[in-house]
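Report on the following structure.
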Amino acid sequence: MSSKDKLIASLVEMTKSSQFMKASDIPFLRSMPAVSEHLDDIRSEVLELLNNTLAYCDQSDIQISDPQELVDHFQPCQDVLDNLLEKADVCIDTALGRTKTVQVKVAQVQEEVKEPKYVKPQTKFGDKIDNSNRPFVPKITYKPHAQVPLKSLAHSQELAEHMDSLSAVSQKHPYEYEIKHLKYPPFMFKKRPEILFKPMQGFIFVDTVDALKDMCNILEQSKEIAIDLEHHDYRTFLGFTCLMQISTRSEDFIIDALVLRNHMHLLNESFTNPQIVKVFHGAEMDVQWLQKDFGVYVVNLWDTFHASNLLEMNGHSYAYLLEFYCHVKTDKKYQLADWRQRPLSDEMMTYAQTDTHYLLYIYDRMRNELIDKSNPETLNLVHVQHERSALTSLKRFEKEFYDSENGQGPNGWAMTLRKCREPLNEEAFAVYKALHSWRDHVARKEDESTRYVLPNHHLFTLARVMPMTSTDVIGCCVPTPALVNLYASDLAQLIEETALDVRRSASVRKQQEQERREANTLPPPQHIRFEEAAEKLKPPKKPVVKVLETKKLGKTIVKRSEESRLFGDLLEQTAVQEIPQEISEMLKLAPPMLVDVEREIDDVPMEEQQPEQAEPESVEVESLKRSDTDELPVIAKESKKKTKSKKIKLDTDGFEPFDYSNAKVETQKSTETNDFNPHRNNRDAGFKRPGKNNARRKSGNKSMGFKK
């Protein structure tokens, strides 16, 4: 193992080890004496190394003896370490012959200018990178092998702006009709012997237009070709294709897609030819990258990933298929490598060639297996494989729109928030949304990925801590991303303004809620039966009385009240001045305006009359007003008479009526109990019950019954 591999392995091990301890667990771990002493020793060693490094770089005026002092001098320490690492990188490149010799002085840290390792390749693209929030406009201008002509896209920019104003989606797939009405070549349905792959020796590197045209001529003469792409999306917003690998039965091609980006559309002649089978593995993203970067589309695609699912294999990755069918193991460590760098190392070129060199042999094996396992008459599995692959080729690239309001989308703030392990309060949530929107804006502007601008764990830390100064912002993000370091003051101002807005909004809502409560405060409960409060607000009106006539014993007794508390206004209304006249006509006792009760009404026959009571004095009608009680004032009062009760004799011979008043009640309770109803014994007290011989207990529910 080389020193480089040992260093990488050591760094990987250190990174893994650092994930086992959280900052929140340190106070707990310090409660253990052994762990506390070990942490103190490590801290002392790190601080000593840092002080020696600062002294070596002419920064001896800064001496750090406590971790808190490191926070105060964080920026100078970061600058020193960044410059040292950058110079070490330059020296390594110089030793390997990658760059020109750069003479530097280690001591002069502040006067050094950093030399970038890579220049962004997208700055040299002939087409402009569009990171806006508008729909994607297809790049295709010529449609080979077309069954339906391509619609004119001469005004694509104007069309994109119009679609943006209508909130529309991207245009229709240019080859949708051709893919849906594809007639597959007959050899795709026949079982054929597999063509064994050749030993992987050399490849053809295509980095010129002439070499690209020669390759296209070879591809158009082939029946099957294998295709794979290498994509980069860390130092760019939308990502771009860096490398393309194409293999025929006899040759392997590796195309430099960065150099030939504006000429890759020539591949449409072979890629859209329905008589040529294009073999991919996991082509869902590949077909979208081809559309986005080159305007290239695929017709008659055959995806080995779908075939592995139909064959119900244990694994579905390309590494598994490669080992299963070809007994070749591949190292996937270059799968996420930086494919922008030029020149590419020999290991990376070998890895890229391996992705397509064996793919056509795997296609032969899987095609024959699908035919063997299918119905011989319908070849159902083969047709399903073609249908699924066709759906993959119909995928369209669509730009992701940023929804700042609802946070929808795979990279929206709502989806990212699910990764946060700790809940956020109202202020922290508002700061989180503001920072997430800022990250998206800066990523589009600088053409960087959101992961590069501000990683998610730094985003959550800033939202929870809410630092108000640039120094605090940098201290919260360790290691500090380059753009966070550049926009630290803007981030601090954004966080402060957002927090203040939330506090002001909360204060306004609290005040509005208080006002609403005061406005909607209900009075204490009151008896509103007669609605005195409503009556006071009504304008004065003429007094109205209600007359209630009831007949008793053939005579009319007049009682009056202002209104019926039961029927309300349903009774007949009569003016106050008419009441005395009506009363005098009925009673014949008083003048029109005054009623005197001189005697009692004694027309009712009675056997005995009680002693006369004091006669009531004359009552003025005007003085009769509504009473606070439910009793009604009476003008002509009925005499109270009482009739003596006497025995009634019935003309029935030999029969005497039962005298219930003199009946004796038996108070002794029966000793017999009823299981079904224990209260039944008391109900029949005082009356004779049937004899015991006439009743018996039934079995089962223990109810009483009588014999038939």
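A quick yes/no check of all residues on (1) among the hydroxyl-bearing types (Ser, Thr, Tyr); (2) surrounded by fewer than 16 Cβ atoms within 10 Å (Cβ to Cβ); (3) within 24 Å of Trp289 (Cβ to Cβ); (4) at pLDDT below 90:
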{"residue": "Glu400", "(1), (2), (3), (4)": "no, yes, yes, yes"}
{"residue": "Glu405", "(1), (2), (3), (4)": "no, yes, no, yes"}
{"residue": "Gln408", "(1), (2), (3), (4)": "no, yes, yes, yes"}
{"residue": "Gly412", "(1), (2), (3), (4)": "no, no, yes, no"}
{"residue": "Arg418", "(1), (2), (3), (4)": "no, yes, no, yes"}
{"residue": "Pro423", "(1), (2), (3), (4)": "no, yes, no, yes"}
{"residue": "Ala428", "(1), (2), (3), (4)": "no, no, no, no"}
{"residue": "Val431", "(1), (2), (3), (4)": "no, no, no, no"}
{"residue": "Ala434", "(1), (2), (3), (4)": "no, no, no, no"}
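In the range 445-484, the residue that is nearest to Leu81 (Cα to Cα) out of those that are charged (D, E, K, R) and in a helix (DSSP H, G or I) is Asp472. Just wondering, is there one or more residues in the range 316-334 that are buried (at least 18 other Cβ atoms within 10 Å of the Cβ), part of a loop (DSSP other than H, G, I, E, B) and of a type in the set (Phe, Trp, Tyr)? For the range 316-334, residues buried (at least 18 other Cβ atoms within 10 Å of the Cβ), part of a loop (DSSP other than H, G, I, E, B) and of a type in the set (Phe, Trp, Tyr): absent.
The single condition from (1) among the hydrophobic types (A, V, I, L, M, F, W, C); (2) on the phi > 0 side of the Ramachandran plot; (3) open to solvent by less than 20 Å² (accessible area, probe 1.4 Å) that Leu379 fails is (3). Has the range 226-239 got any residue that is without any contact (Cβ under 8 Å) to a residue 60 or more places away in the chain and either over 24 Å from Arg342 (Cα atoms) or polar (S, T, N, Q) (or both)? No; the residues of the range 226-239 include none that is without any contact (Cβ under 8 Å) to a residue 60 or more places away in the chain and either over 24 Å from Arg342 (Cα atoms) or polar (S, T, N, Q) (or both). Scanning the range 157-172 for residues that are surrounded by 12 or more Cβ atoms within 10 Å (Cβ to Cβ) and either modelled with pLDDT under 50 or closer than 16 Å to Asn273 by Cα (or both) returns Asp164, Ala168, Val169. From the list Gln493, Gln512, the lone residue that is closer than 28 Å to Gln78 by Cα and open to solvent by 50 Å² or more (accessible area, probe 1.4 Å) is Gln493. Residues that are open to solvent by less than 10 Å² (accessible area, probe 1.4 Å) and in a loop (DSSP other than H, G, I, E, B) within the range 266-314 comprise Thr272, Ile276, Ala283, Gly295, Val296, Tyr297, Val298, Val299, Asn300, listed in sequence order. Applying the criterion of at least 3 residues that are under 37 Å from the mean Cα position of the chain (by Cα) to the helices (runs of 4 or more DSSP H) found wholly in the range 337-439 leaves 380-393, 413-417. Taking the range 350-404 as the range and being within 23 Å of Met188 (Cβ to Cβ) and without any contact (Cβ under 8 Å) to a residue 40 or more places away in the chain as the test, the residues that pass are Ser374, Asn375, Pro376, Glu377, Thr378, Asn380, His383, Glu387, Leu391.
Counting only residues that are within 16 Å of Tyr351 (Cβ to Cβ) and either open to solvent by 10 Å² or more (accessible area, probe 1.4 Å) or of a type in the set (Gly, Ala, Ser) (or both), how many does the range 239-252 have? The qualifying residues number 2.
The values are calculated or read from the model by the stated rules, or taken from the named source; none is laboratory data. Note that the coordinates shown come from a computational prediction; the quantities given were computed from them, not determined experimentally. Here the Cβ is made from the backbone with ideal geometry for all residues, glycine too, and neighbour counts use every protein chain on show. Surface areas here come from the heavy atoms of the whole protein model, side chains and all, with no ligands, DNA or RNA. Shrake-Rupley method; radii C 1.70, N 1.55, O 1.52, S 1.80 Å.
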